[in-house]
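Remarks on the structure that follows.
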Amino acid sequence: MDKLEISTILPVKAAMVYTDWTTSKRHTEMTGGEAIIHNEVGSKYSAWNGYIFGKIEELVENKLIQMSWRTADFAEEAQNSQLQVMLEDINNGCKITLKHWNIPDGDGEKYKDGWQEHYFEPMLQYYMED
C-alpha cells in the first residue's frame, strides 16, 4: 500500500479551513468540485462530483479531520484508504498537512498530484480572493 504526506500554507486561520472543509457549500466553492459533507463523526461524504467518497471518522475542531477515503477508481475489493487533514495556525495563516495512507499500490503519486491540483491550488486561489 502507498502512503503520502503533503503540506501547504494558506493565508487564513485554521478555523476557516476547518469550517469550509466540513461544509458542503464552502467545500464545493473552495475546490470547484461538488461536495456533500457534514461536520459530524460517522456521516458519509462525497467530493468532486461523487468521485471521492467515504465517512468522517474523527473531528477535532479547527485542528483535525480524519476520514475513510476512496475514489471511483478504487477496485471494488480494495480497502478504503485513510486521510488525516491536520490544521495548525501559524504566522500569517495556517499550515494544512494531509496524511494519506492505505492507498492502492502504485497510486500514491497520482493522488499526491491530485491533492495539489484539485485541492491546494484552488484553495489558495479561493482564499486569496476573499
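Annotations
- Among the residues here, residue 47 does not qualify as among the small types (Gly, Ala, Ser) and open to solvent by 10 Å² or more (accessible area, probe 1.4 Å).
- Positions within region 95-107 being open to solvent by 10 Å² or more (accessible area, probe 1.4 Å) and either in a helix (DSSP H, G or I) or not basic (Lys, Arg) (or both), in sequence order: 97, 101, 102, 104, 105, 106, 107
- Criterion applied to 56, 52, 37 was being open to solvent by less than 30 Å² (accessible area, probe 1.4 Å), modelled with pLDDT of 95 or more and in contact with a helix residue (DSSP H, G or I) (Cβ under 6 Å, 6 or more places away or on another chain), and the one residue passing it is 37.
- Among the residues here, residue 62 does not qualify as open to solvent by 40 Å² or more (accessible area, probe 1.4 Å) and modelled with pLDDT under 95.
- Residue match in region 5-26 (condition: closer than 25 Å to residue 128 by Cβ, part of a helix (DSSP H, G or I), aromatic (Phe, Trp, Tyr) and out of contact with any Lys or Arg (no Cβ under 9 Å at 6 or more places or on another chain)): yes
The values are calculated or read from the model by the stated rules, or taken from the named source; none is laboratory data. For clarity, every value in this text was computed on a predicted model and none was experimentally measured. We place every Cβ from the backbone using ideal geometry, glycine too, and count neighbours over all the protein chains shown. Ligands, DNA and RNA are excluded from the accessible area calculation, which covers all protein heavy atoms including side chains. Shrake-Rupley method; radii C 1.70, N 1.55, O 1.52, S 1.80 Å.
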